[in-house]
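Visitor: So that we are looking at the same thing, I have put the structure below in C-alpha cells.
The values are calculated or read from the model by the stated rules, or taken from the named source; none is laboratory data. The structure presented is a predicted model; accordingly, all values stated were derived computationally and were not measured. A quick note on method: Cβ atoms are made from the backbone with ideal geometry, for glycine too, and the neighbour counts reach across all protein chains shown. The area values use the complete protein model at the heavy-atom level, side chains included, leaving out ligands, DNA and RNA. Shrake-Rupley method; radii C 1.70, N 1.55, O 1.52, S 1.80 Å.
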Amino acid sequence: MSNAASEFLRQAVTKSTDLGHRHIIRQGIDKYNEAFERGRARFFNWEAAREQCREVKSEAVNHLDHYLLEFEEKVKARGGHVYWAENSEEARTYITDLAHRRGVRTIVKSKSMVAEEIHLAPALEKQGIKVYETDLGEFIVQLRNEPPYHIVTPAMHLTRGDISALFKEKLGGVDTQDPSELVAAARIWLRRTFFAAEMGISGANFLVADSGMIAITTNEGNADLGTSLPRIHVAIAGIEKVIPRLEDLAILWPVLATSGTGQPITCYNTLIGGPRGPNETDGPEEFHVVLLDNGRSELLADAEQREVLNCIRCGACLNACPVFRTVGGHTYGTTYPGPIGSVLTPHLRGLDEFQHLSYASSLCGACTDVCPVKIDLHHHLLHNRRNAVNEAHRPLTERVAFKLWRWAAMSAGRFSFLGAVGRAALRVVYAVGLERSMLDPLRPWTKDRAAPPIPAKSFRSLWRKGIGTN
Ligand code: SF4
C-alpha cells in the first residue's frame, strides 16, 4: 500500500467517526443543496443547459491546440506574455524568476486551484516573497496553515466560532462572532495588502480564445483588486480552461454559478485582456498568462478519459458524494478532493501512488448526475480501477486472493465446498473471539462495527429448498 493510501485510510477512520465534523459538513452541504435546487429551477431547461456546456467544453478540448494558439496570439497582440509550462517546476520557476527580476516583495493572490496544484505560494515564500491569499475562505485557511478543504468553499469545515477564535488570535483586536464584523475585519486587513503588493496572481475560470481574454468569477471582488492594483498581473491556468468564443460565457457563467453555490450568477464576472493600454487609467503594467500542462496532454491523448478535462471546477460532485461528506476534503491529501479529484489525481500524480482514490467511491453515480458538463465520473473511477489492476503494482496477497476466488467461482462444486469451509471456520473464529483469532484481515472491519451473524444455511441450500424463489 502506498504512503498516500495508508494516510488516506488513517484520516478516513478519524474523520468518519468525528461526529462534530460530519455535522458541520452536513449543514454546509444541506444549505448548498437548497440553493442549488432553487438555482436549477431558474433555468428554463437545466438538462439542455448542461448539454450545451458539455458541447462547448468538448469542442474546446477536442481542438485544444487550435484554441490555445488562437488565445496566445490574441494575448500577445495586446501586449501580454504567454508562457507554456510543461510541469509544476517550470511554472514555479517562471513566476518566481519574474518576481525576482521585478523586485517583488509582496504578492496578493486570488483563488486558484492550479496555484495549489503546483505549490506556488510555498515556493514564493521560500524566496522571501510574502504571499497573501485574498479570497476570504483561502485567507482563513492560510491563517490556519492548512490547504483548502473544498475547491469552491475552502473553509467549509470551520464554524463561525472557529473563525472568530482564529481572527482573535491572528488579527489582534478582533473579538466578535458576528459574521459581518468578521468579514469587515478581514476586509480591512486585506485592503492594506492590496495597496502594498507589486504583483497580483490569479487563476482563470476560462481562457477565451476568440478574444484572448481571461474570465474570472468571484463573489468578493478580490480578484478585481488583485489584478488591477499591483503593477504586474500573472494569471495561471490549466490548458483545458480554454473555450472557443466569448458568447460561450453566456451559458458557462450562470451554470458554473448555479452548480458552484446555487447563485443565478456570481457577484463579480471580469474579463481581462492584457496590460493597461496607452489611454487607460488603471490596470497592471505587465500581464502574463502561464498555461500549465502538468500531465493534461497525456489525459488528452486518452480518448476514453479525455472528457475529464471538461471539468469547470464547480465542486458540485464533491457536495453530492457520500464519501466526501463522510471523510471530508483534507482526508484525500490531494489538491482536488472528491470524485473529480479521485479521477484526475492518478493522471496528474501517478496511478501507483493514488490508485486507492478510485476505490473511495460507492459508485452510486450521484457525482455524474450533478456534473454540469456531464462527465461520466463514476465510470471513469471504474476505468481507473481497471487501469490500476492492469498497469499498476498490486499486492501479492490481493493477486493470490483473486486468483483463488476465480478458481472457486469457476465451479459450482468448489464454490459450495469452500463456502461451507468458510462458514465453519468463521464459527470457530467467533467462538474463540475475533480479537484472539489469527484472522488479522477481519480486524479493521470489526474495529468500528459489529461482525454480522453467520447464517445457519448457505444461500444455495435455501434456494434449493425453494425459500426466496417467489
Ligand atoms: S467534475 Fe463536474 S461536478 Fe465535479 S467539479 Fe468538475 S464540473 Fe463540477
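Visitor: If the requirement is being in a helix (DSSP H, G or I) and within 12 Å of the ligand (Cβ to nearest atom), which of these qualifies: Ser342, Ser358? If you could, list the steps in order and put the result at the bottom.
Guide: Details: Ser358 fails: within 12 Å of the ligand (Cβ to nearest atom).
Exactly one residue qualifies, and that residue is Ser342.
A quick yes/no check of all residues on (1) within 13 Å of the ligand (Cβ to nearest atom); (2) in a loop (DSSP other than H, G, I, E, B):
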{"site": "Pro275", "(1), (2)": "no, yes"}
{"site": "Asn279", "(1), (2)": "no, yes"}
{"site": "Val289", "(1), (2)": "no, no"}
{"site": "Glu298", "(1), (2)": "no, no"}
{"site": "Ala303", "(1), (2)": "no, yes"}
{"site": "Val308", "(1), (2)": "yes, no"}
{"site": "Leu318", "(1), (2)": "yes, no"}
{"site": "Thr326", "(1), (2)": "no, no"}
{"site": "Tyr336", "(1), (2)": "yes, yes"}
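Visitor: Pairs please, first residue from region 152-169 and outside the structural domain of Gln27 (by TED's automatic domain parsing), second anywhere and basic (Lys, Arg), Cβ atoms under 7 Å, 6+ apart in sequence or on different chains.
Guide: Leu166/Arg144
Visitor: Is it fair to say Val152 is open to solvent by 20 Å² or more (accessible area, probe 1.4 Å) and at pLDDT below 95?
Guide: Details: open to solvent by 20 Å² or more (accessible area, probe 1.4 Å): yes; at pLDDT below 95: no.
The answer is no for Val152.
Visitor: Does region 241-265 hold any residues that are open to solvent by 20 Å² or more (accessible area, probe 1.4 Å) and more than 20 Å from Tyr83 (Cα to Cα), and which are they? Before the answer, list the steps.
Guide: Looking only at region 241-265, we keep the residues that are open to solvent by 20 Å² or more (accessible area, probe 1.4 Å), and these are 241, 245-247, 250-251, 253-254, 261, 263-265.
Residues satisfying the conditions are Arg245, Leu246, Glu247, Ala250, Ile251, Trp253, Pro254, Thr261, Gln263, Pro264, Ile265.
Visitor: OK, next. Residues in region 262-271 that are in contact with a Phe, Trp or Tyr (Cβ under 7 Å, 6 or more places away or on another chain) and either in a strand (DSSP E or B) or more than 23 Å from Asp210 (Cβ to Cβ) (or both): how many?
Guide: Residues meeting the conditions: 2.
Visitor: When you go through (1) within 30 Å of Glu37 (Cβ to Cβ); (2) surrounded by 17 or more Cβ atoms within 10 Å (Cβ to Cβ) one by one for Tyr268, which number turns out not to apply?
Guide: That leaves (2) as the condition not met.
Visitor: A further question follows. Can you confirm whether Gly238 is within 16 Å of the ligand (Cβ to nearest atom) and open to solvent by less than 20 Å² (accessible area, probe 1.4 Å)? If you could, list the steps in order and put the result at the bottom.
Guide: Working: within 16 Å of the ligand (Cβ to nearest atom): yes; open to solvent by less than 20 Å² (accessible area, probe 1.4 Å): yes.
For Gly238, the condition - within 16 Å of the ligand (Cβ to nearest atom) and open to solvent by less than 20 Å² (accessible area, probe 1.4 Å) - is met.
Visitor: Please name all residue pairs, on different chains or six or more residues apart, with Cβ atoms under 6 Å, provided the first residue is in region 258-284 and is at positive phi and the second residue is assigned to a loop (DSSP other than H, G, I, E, B).
Guide: Once the first residue is at positive phi and sits in region 258-284, its partners that are assigned to a loop (DSSP other than H, G, I, E, B) give Gly274/Arg78; Gly274/Gly79; Gly274/Gly80; Gly283/Arg276.
Visitor: Still on this structure, I have one more. Any residue at all in region 27-40 that is open to solvent by 50 Å² or more (accessible area, probe 1.4 Å) and outside any helix (DSSP H, G or I)?
Guide: First, the residues of region 27-40 that are open to solvent by 50 Å² or more (accessible area, probe 1.4 Å): 27, 30-31, 33-34, 37-38, 40.
Next cut, outside any helix (DSSP H, G or I) only: none.
No, the conditions are met nowhere in region 27-40.
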